[in-house]
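Note sheet for the following structure.
The values are calculated or read from the model by the stated rules, or taken from the named source; none is laboratory data. Everything quoted here is computed from the prediction, not taken from an experiment. Note: ideal-geometry Cβ built from the backbone for every residue, glycine included; neighbour counts use all protein chains shown. These accessible areas exclude ligands, DNA and RNA; they are computed on the full protein's heavy atoms, side chains included. Shrake-Rupley method; radii C 1.70, N 1.55, O 1.52, S 1.80 Å.
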Amino acid sequence: MKGLPEKVDVIVVGGGGAAMAAALTARERGASVLVLEAAPKDFRGGNTRHVRNIRYAHDAATDFVTGPYPVDEYYDDLLRVTQGNTDKDLSRFLIEKSLDAADWMAARGVKFQPPLSGTIGLDRTNAFFKGGGKAVLNAYYATAEKLGIDCRYEAEVMDLKIEDGAFTAARVKYQGQEQTVEARAIVLASGGYQADIDWLKEGWGEAAEGFLIRGTGYNKGRMLRVLMDHGAETAADADQCHAIAIDARSPKCDGGIATRVDCVIYSIMVNRKAQRFYDEGEDIWPKRYAIWGRLLAKQEDQIAFGIVDAKANDLFMPSLYPPLKADSIRDLAGLLELDPDALEKTVADYNAACRGGGNKDREFKPGVLDGLSTEGLSPAKSNWAQTIDTPPYYGYPLRTGITFTYLGVKVNKEARVQFKGKDGRTVSAANIFAAGEIVSGNILGQGYAGGIGMAIGLVFGRIAGEGAARNASN
Amino acid sequence: MAAASDEALQGDQLADLHDEARRLMTICNACRYCEGFCGVFPAMMRQNTFADGDLDYLANLCHGCNGCYYACQYAPPHEFAVNVPQAFARLRADTYRRYTWPGFLAGLFQKNGTLVSVLMAGGIGLVLALIHLFQPAEVIHGEHAGNFYAVIPHNVMAYSFGSVFLYAVGVLLFGFWRFRRDTAPSQADETALSVAGATHDALVMKYMGGGGVRGKMDGCNYPSESFSQVRRVFHQMTFWGFLLCFAATSLGTVYHYVFGWEAPYGYTSLPVLFGTVGGIGLLIGPLGLIYLKRIADPNVLVNAQRGMDTGFLALLFLVSLTGLALLGWRETSAMGTLLAIHLGTVLALFLTMPYGKFVHAVYRYAALLRNRREQKR
């Protein structure tokens, strides 16, 4: 393997969707580009490895989306999931810029699939990648190779040289030694810091020890820290992230989509004390994903257990790990290491509330908000409140699985990193651009809408690549 | 032969193959990113648990395009170590062994390259012996204006090859029946529509196209990570070449018995045209497939199967090459020798059909049938 070049036009830090969008764009505009990916080749691509689709605005149905998704609707959805906690101007800009996302990707080899099973009801708003995110990365890297982009793996950027608000060079650890690479612009698309548990503790305290990392284990936020140390302005709070409930038996890192468990809405969720703590039947999507990861993080040991009976066990996606199974609630409590008396009481109270009147005209309907709710129970279960009385009984242990953190650097519409100037005023960096998870906090102050992470990566990646190439040609 | 039998899988190894396939299907069923690739993943999604028969079915629905391997976020070195094409190739090869008859010949699948060479030499020897048995010694080197029956009487040819062919077909049908019994529990629902659908899928090699957005076929990741239709093209040449040659022989039989028109047929007659075109397909297709196999990604290839795959393809190539040579030199004194060599290779082909790669057609078709049947539900 040859060593790193001493000097290039544009350095792109990271190897995921945002990084490759930036690299391809900059190269297409004539710049020489060096991509520095910290992970080995087999694990390249950050969390893009694990994505499945992109949420983008579009005016009409196509071969791979079933209907239009206008900018206004997308924007309303974003305001709802973030509860307004977003840079509204930048969000709207992002959504408008997403209009040609699928075309841009397809032109660089990405393949989409026709809307098939529509497992999570996103076949109108989101385009699904054939084979998922790793296939997207394969297409990007193949195109990058054709264009002559220099991609290096296991190349970890340790520090940046920033003089008078302008970037000049990067310190890179590569093949066991550190080297300096000069460039005329840099794009930081290096992801969040979710794989750095100590950093997570700044937002979550000791609870972070109980978290699992759904995505790549290589996102430790080093570049974010370097930028913050240089006085970059930040967006979003330290405890904001995309977190969902996943199987407690999942690997510590990189478990991806297969570790999620979809039992929640048909189950009762109990904590270590065998007590319910939230309305499991509040909504299907997006709440099921968006809130349960955070709810679990606040429980003792950051764990809870979904309990269903034989009636409900086939209603959701099959799970990676088999559920714990018993013929009585007492026995199931034993398997889950819960107090049998407490669990029996919780289930009995729940069952009694299911049978309570007021629901006579309601029918259990999986897949829609059926209004079949409990009566006089706290917390209530507002939909799918079927009794749990048909053995065998199943228990799914669930933990918080963090996909990515939101705290990042502030950027403007040119994807330039915003620094605090000496007089307290905000100054746009001359040649430092950022894209992807490291800027997600500008858009996502909280909450999540499926597929929006890919949109943030693609849109800001392209803008960053364009700006960096312009810097290089000046 | 003894050594070959030793390599056949024992019971616990077979359990391992099924367990590994089951482990993978559980992971795939929880992920489902590959549903756009081929028939396997939508078929998998129709069920939550997988009996051994279900896995044998899915393994034979998989055609080893490797699309799911390159797209897999859990492919090795990920700790989940998901390599579906490889696990299914192993299991598929094992179904070939398990469902053939008689069981003690199952070991032949292992050493197929050797078997093919031995049978070919034996076949040529046998045909030469037959010629010498029935004809004066000078006949084989004489000129007969393309009249094969001057060398081997038609009846000798028809009865000997016919009986070997019928044996092969019988074994294949028996395998088909047993495979269906174990892997397609609901075959009572078979309809003309599902048969027609499966036949269509087989003829156009639907899944080899790689599936795409509304008919736009991307192709497969074979022999490498980039998308290509090249394997489908070579496979189609092999498949249609085989069918055309088969049609040529059948037509000749009809000419002979129904119309009383005896060979040799003219170069522009239908049997010869079919045979020539098919023969050219059977030269290019098998060569192409052998070449692709040589350059294919070793991470997904199952080495133990290489002999079987290559042996069958090489035999098809030789049958075609000798057949075309026979056609070209049939009016010379080389005809007798060429005829013996050609018929020897054909004999070897018929004999090895139930014990080599040819059987994949049988179980793939059975799998396509179940797939079509379940698609409608």
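Please enumerate the residues belonging to the range A:302-351 that are free of Cβ contacts under 8 Å to residues at least 40 places away in the same chain, away from chain B (no Cβ under 14 Å) and open to solvent by less than 60 Å² (accessible area, probe 1.4 Å).
Correct list: A:GLY334, A:PRO340, A:ALA348, A:ASN351.
Just the residues that are farther than 18 Å from A:ALA189 by Cβ and surrounded by fewer than 24 Cβ atoms within 10 Å (Cβ to Cβ), please, taken from the range A:402-427.
A:PHE419, A:LYS420, A:GLY421, A:LYS422, A:ASP423, A:GLY424, A:ARG425, A:THR426, A:VAL427
Filtering the range A:5-51 down to residues that are over 19 Å from the mean Cα position of the chain (by Cα) and within 14 Å of chain B (Cβ to nearest Cβ), which residue is nearest to A:TYR218 (Cα to Cα)?
My answer is A:PRO40.
I need a count of the residues in the range A:23-72 that are among the charged types (D, E, K, R) and in a helix (DSSP H, G or I).
Selection size over the range A:23-72: 6.
Given (1) in contact (Cβ under 8 Å) with a residue 40 or more places away in the chain; (2) within 23 Å of B:HIS256 (Cβ to Cβ); (3) open to solvent by less than 40 Å² (accessible area, probe 1.4 Å), identify the lone condition not met by B:LEU326.
Among (1) in contact (Cβ under 8 Å) with a residue 40 or more places away in the chain; (2) within 23 Å of B:HIS256 (Cβ to Cβ); (3) open to solvent by less than 40 Å² (accessible area, probe 1.4 Å), the lone unmet condition for B:LEU326 is (1).
With respect to A:THR119, is the statement that it is at pLDDT below 95, closer than 29 Å to A:ILE213 by Cβ, open to solvent by less than 60 Å² (accessible area, probe 1.4 Å) and in a loop (DSSP other than H, G, I, E, B) true?
yes
Select from the range A:145-166 the residues that are open to solvent by less than 60 Å² (accessible area, probe 1.4 Å), over 29 Å from the mean Cα position of the chain (by Cα), among the hydrophobic types (A, V, I, L, M, F, W, C) and closer than 22 Å to A:GLU28 by Cβ and list them in ascending order.
none
Just the residues that are part of a strand (DSSP E or B) and open to solvent by less than 50 Å² (accessible area, probe 1.4 Å), please, taken from the range A:172-191.
A:VAL172, A:TYR174, A:THR180, A:VAL181, A:ALA183, A:ALA185, A:ILE186, A:VAL187, A:LEU188
Of all residues being more than 14 Å from every other protein chain (Cβ to nearest Cβ) and open to solvent by less than 10 Å² (accessible area, probe 1.4 Å) in the range A:258-270, which is nearest to the chain's Cα centre (by Cα)? Just the residue, please.
The extreme case among them is A:VAL264.
Please count how many residues of the range A:108-142 are within 11 Å of chain B (Cβ to nearest Cβ) and over 18 Å from B:GLY67 (Cα atoms).
Total satisfying the criteria: 6.
Residues being buried (at least 24 other Cβ atoms within 10 Å of the Cβ) and out of contact with any Gly (no Cβ under 9 Å at 6 or more places or on another chain): count how many of those fall in the range A:449-463.
Qualifying residue count for the region: 4.
Residues A:ASP198, A:ASP262: which one is more than 30 Å from A:LYS88 (Cβ to Cβ), assigned to a helix (DSSP H, G or I) and not hydrophobic (A, V, I, L, M, F, W, C)?
A:ASP198
Determine whether A:GLY148 is at pLDDT 95 or above and facing chain B (nearest Cβ under 10 Å).
no
Can you work out which of the residues in the range A:360-408 that are among the β-branched types (Val, Ile, Thr) and within 28 Å of A:GLY210 (Cβ to Cβ) is nearest to the chain's Cα centre (by Cα)?
Restricting to residues being among the β-branched types (Val, Ile, Thr) and within 28 Å of A:GLY210 (Cβ to Cβ), the top hit is A:THR403.
Among the candidates A:ASP63, A:ASP9, which residue alone is open to solvent by 10 Å² or more (accessible area, probe 1.4 Å) and at pLDDT 95 or above?
Just one listed residue meets the conditions, A:ASP9.
Assess whether B:GLY285 counts as being assigned to a helix (DSSP H, G or I), closer than 15 Å to B:MET237 by Cβ and open to solvent by less than 10 Å² (accessible area, probe 1.4 Å).
In short, yes.
In this structure, does B:ASP19 turn out to be in a helix (DSSP H, G or I), surrounded by fewer than 16 Cβ atoms within 10 Å (Cβ to Cβ) and modelled with pLDDT of 95 or more?
yes
Could you list, in sequence order, all residues of the range B:30-44 that are touching a residue at least 40 places away in the same chain (Cβ under 8 Å), facing chain A (nearest Cβ under 8 Å) and assigned to a loop (DSSP other than H, G, I, E, B)?
Scanning the range B:30-44 gives a single hit, B:PHE37.
Any residue at all in the range A:74-88 that's under 27 Å from A:PHE419 (Cβ atoms), away from chain B (no Cβ under 14 Å), surrounded by fewer than 21 Cβ atoms within 10 Å (Cβ to Cβ) and among the small types (Gly, Ala, Ser)?
yes
Exactly one of these conditions fails for B:GLN47: (1) assigned to a helix (DSSP H, G or I); (2) within 11 Å of another protein chain (Cβ to nearest Cβ); (3) free of Cβ contacts under 8 Å to residues at least 40 places away in the same chain. Give me its number.
Exception for B:GLN47: condition (1).
Residues checked against (1) part of a loop (DSSP other than H, G, I, E, B); (2) polar (S, T, N, Q); (3) open to solvent by 70 Å² or more (accessible area, probe 1.4 Å):
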residue: B:TYR207; (1), (2), (3): no, no, no
residue: B:PRO223; (1), (2), (3): yes, no, no
residue: B:TRP240; (1), (2), (3): no, no, yes
residue: B:PHE246; (1), (2), (3): no, no, yes
residue: B:LEU251; (1), (2), (3): no, no, no
residue: B:TYR257; (1), (2), (3): no, no, yes
residue: B:TYR267; (1), (2), (3): yes, no, yes
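Cβ-Cβ distance below 7 Å, separation of 6 or more or different chains: which pairs start in the range A:236-257 with a residue that is within 14 Å of chain B (Cβ to nearest Cβ) and farther than 27 Å from A:VAL409 by Cα and end on one that is part of a strand (DSSP E or B) and open to solvent by 30 Å² or more (accessible area, probe 1.4 Å)?
Pairs that qualify, where the first residue is within 14 Å of chain B (Cβ to nearest Cβ) and farther than 27 Å from A:VAL409 by Cα and the partner is part of a strand (DSSP E or B) and open to solvent by 30 Å² or more (accessible area, probe 1.4 Å), are A:ILE246/A:ARG399.
Considering only residues that are in contact (Cβ under 8 Å) with a residue 40 or more places away in the chain, outside any helix (DSSP H, G or I) and open to solvent by 30 Å² or more (accessible area, probe 1.4 Å), look in the range B:96-149 and name the one that is farthest from B:SER333 (Cα to Cα).
B:TRP101
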